[in-house]
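First comes the structure, then the notes that go with it.
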Amino acid sequence: ADEGRIMGSRVYVGNLSWHTSWQSLKDHFRQAGEVVHADVMQHDGRSKGCGIVAFATAQEAANAIATLGETELDGRTIFVREDREAAPPTAGSGGRARAGTVQTSGCQVYVGNLPYTTSWKELKDHFKVAGNVTHADVAQDGGGKSRGFGTVLFGSTREAAKAIQIFNESEFHGRTIEVRPDQYS
């Protein structure tokens, strides 16, 4: 393999059955490590037969490539390679809706350890680099004071995964923030 190059923590999975869901994709890839996110690419509500799986570390992604390529999932032999598509920040969903449904599962991230002075607008502006931010919110107590965390909703799961990759454990107004999938979205 490419010894001198740093590999990302995401893999591209091809030759998926049209019936494979993001959940079965995630379950299959848990054999290789901690799956942070899994998504089956769709067009007009139908599977495109490929997907992206994001792992907690690049080592786990490399393990998935080494051990899960040429394995069977939902009756098809899949192939696995490094996800080479590094979409530029402007290549977001562009406001396109999926076949009349509002799909938010996997599109929202939790942002923890925010300074108490952070507004939803600052949060939204900061996270725009990762993609199309459709909503941002800073949690408040009953008296309207910040609780030090918030959520950011993206136009796609890919953008949410990119936000986690870019911003988790990064500095925001002098504090190290935690960015992870929002378990309540």
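Note on the range 63-79: among residues that are open to solvent by 20 Å² or more (accessible area, probe 1.4 Å) and in a strand (DSSP E or B), the one that is nearest to Thr157 (Cα to Cα) is Phe79.
Annotation for the range 23-40: at least one member residue is more than 20 Å from Thr157 (Cα to Cα) and out of contact with any His (no Cβ under 7 Å at 6 or more places or on another chain). I'm trying to understand the selection: among the residues of the range 140-178, which are in a strand (DSSP E or B) and touching a residue at least 12 places away in the same chain (Cβ under 8 Å)? Passing the criteria: Ser146, Gly148, Phe149, Gly150, Thr151, Val152, Leu153, Phe154, Phe172, Arg175, Thr176, Glu178.
Scanning the range 41-62 for residues that are open to solvent by less than 20 Å² (accessible area, probe 1.4 Å) and either aliphatic (A, V, I, L, M) or outside any strand (DSSP E or B) (or both) returns Ile52, Val53, Ala54, Ala61.
Among the residues of the range 105-159, those that are of a type in the set (Phe, Trp, Tyr) and over 28 Å from Gln42 (Cα atoms) comprise Tyr116, Trp120, Phe149. Among the residues of the range 18-40, those that are under 16 Å from Asp74 (Cα atoms), over 16 Å from the mean Cα position of the chain (by Cα) and open to solvent by less than 50 Å² (accessible area, probe 1.4 Å) comprise Thr20, Ser24, His28.
The values are calculated or read from the model by the stated rules, or taken from the named source; none is laboratory data. The structure displayed is predicted, hence computed values, not measured ones. All Cβ positions, glycine included, derive from the backbone under ideal geometry; neighbour counts span all protein chains shown. To get the accessible areas, we keep the full protein, side chains included, count just its heavy atoms, and leave off ligands, DNA and RNA. Shrake-Rupley method; radii C 1.70, N 1.55, O 1.52, S 1.80 Å.
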